[in-house]
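The values are calculated or read from the model by the stated rules, or taken from the named source; none is laboratory data. For clarity, every value in this text was computed on a predicted model and none was experimentally measured. Glycine also receives a Cβ, built like all others from the backbone with ideal geometry; neighbour counts cover every protein chain displayed. Ligands, DNA and RNA are stripped out before the accessible areas are found, and what is left, the full protein with its side chains, is counted by its heavy atoms. Shrake-Rupley method; radii C 1.70, N 1.55, O 1.52, S 1.80 Å.
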Amino acid sequence: MSCECGKPARHVIDEFLDALDRDPGSVVERDWMEGHVLIQSFMMRSAPAVANILMAALSHYVSGDARKALLESLLYLSGGDSEELVAQCQEVIVRGAWIFLEEISSGRSVACASYAFEILEALDEDEWVRMARTRFVDLLPAEMLDPDHR
């Protein structure tokens, strides 16, 4: 599979993981995906493969900045304007719904918990969202506790 920039699609993941190893804070912005995985809110063909790698990386990278970068990137891939590709990404991401609930319950980072919660909302995982709102009240920002938050 080729990336939209003409290089093999694998370069996106390799560059992302290298950046996570060097300086996790440098990939917190979605810029690393622009033109390769996303063009504004439109997903490219590589998005589902990238979602798979990000979910796998989430289980290995545990530092705060790396987790934040991974969660933020997954949030971008959990919604968008390309219905078929969004559905494929969501199918990958929903398999790890328990990871997002664990992130919320861990109390490690409000930012990471917020991204994890927003991913669950984007996936329409109402049971998980309800559980997060009722069991982890002290770990989420107040605006996320409102059932009309979406």
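At a 1.4 Å probe radius, carbon and sulfur cover how many percent of the accessible area of the range 66-144?
Working: 1730 of 3610 Å².
Of the solvent-accessible surface of the range 66-144, carbon and sulfur hold 48 percent.
Using label points projected 7 Å from each Cα along Cα→Cβ, tell me how many nm separate M1 and E83, to one decimal.
Going by the 7 Å Cα→Cβ label model, 2.1 nm.
222 nm [θ] for the chain, helices only, -39500 (n - 2.57) per DSSP H run of 4+, per residue, to 500?
-17500 deg cm²/dmol
Could you give the nm distance between label points at M131 and A19, where each point is 7 Å from its Cα heading toward the beta carbon?
3.2
Quick one: helix 64-77 against the long Cα principal axis of the chain, what's the angle to the nearest 10°, folded into 0 to 90?
With rounding to tens, the tilt is 80 degrees.
Using the Cβ atoms and a cut-off under 12 Å, what net charge is assigned to the surroundings of C89, where Lys and Arg are +1 and Asp and Glu are -1? Don't jump to the answer; show the numbers that get you there.
Details: positive: R45, R95; negative: E83, E84, E91.
Summing Lys and Arg as +1 and Asp and Glu as -1 gives -1.
Using the heavy atoms of the protein chains alone and a 1.4 angstrom probe, what is the accessible area of the chain per residue in square angstrom?
So the chain comes to 51 Å² accessible per residue, rounded to a whole number.
From the protein chains alone at 1.4 Å, what is the descending order of accessible area for R22, R108, largest first?
Reading off the accessible areas and sorting them downward yields R22, R108.
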